[in-house]
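Pasting a structure below so you can have a look.
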Amino acid sequence: MTEIGSIVAFMLIAAGIIAVEVPSLRNRKLKKEMLAFFVLLMVGLGMNIAQTLNAPIPSPLDWIIIIFKPFTGWIAGL
């Protein structure tokens, strides 16, 4: 399957997931849950598309290291 075909397949799968989940969330008036659903679905779709296009995807561990690096240096100094 080509890159474009894979991207289209991912988008069709996401559309199917939306078609199944959103009516239930809308009927129960779960606005915050629907927002979280769309944010997580779009992040996942974006990551899948980026991986399909061989784009560099940073590891979440890199962000954790950046955040905690100053603390480890401070604790080691104690």
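The values are calculated or read from the model by the stated rules, or taken from the named source; none is laboratory data. Keep in mind that this is a model prediction, so the values were computed, not measured. Here the Cβ positions follow ideal geometry from the backbone for every residue, glycine too, while neighbour counts run over all protein chains shown. For accessibility, only protein heavy atoms count, side chains too; no ligands or nucleic acids. Shrake-Rupley method; radii C 1.70, N 1.55, O 1.52, S 1.80 Å.
List pairs: first in the range 41-61 and exposed (fewer than 13 other Cβ atoms within 10 Å of the Cβ), second part of a helix (DSSP H, G or I), Cβ under 6 Å, 6+ apart or cross-chain?
ILE57/ALA50
Criterion first (open to solvent by less than 70 Å² (accessible area, probe 1.4 Å), within 13 Å of the chain's Cα centre (by Cα) and modelled with pLDDT of 95 or more) does ALA14 satisfy it?
Yes.
Going residue by residue through the range 69-77, is there one that turns out to be more than 15 Å from the chain's Cα centre (by Cα), within 25 Å of ILE13 (Cα to Cα) and surrounded by fewer than 10 Cβ atoms within 10 Å (Cβ to Cβ)?
No, the conditions are met nowhere in the range 69-77.
Now for a separate question. Of all the helices (runs of 4 or more DSSP H) wholly in the chain, which have at least 1 residues that are in contact with a Phe, Trp or Tyr (Cβ under 7 Å, 6 or more places away or on another chain) and polar (S, T, N, Q)?
31-52
Does the range 21-40 hold any residues that are open to solvent by less than 50 Å² (accessible area, probe 1.4 Å) and touching a residue at least 12 places away in the same chain (Cβ under 8 Å), and which are they?
Result: VAL22, LEU25, MET34, PHE37.
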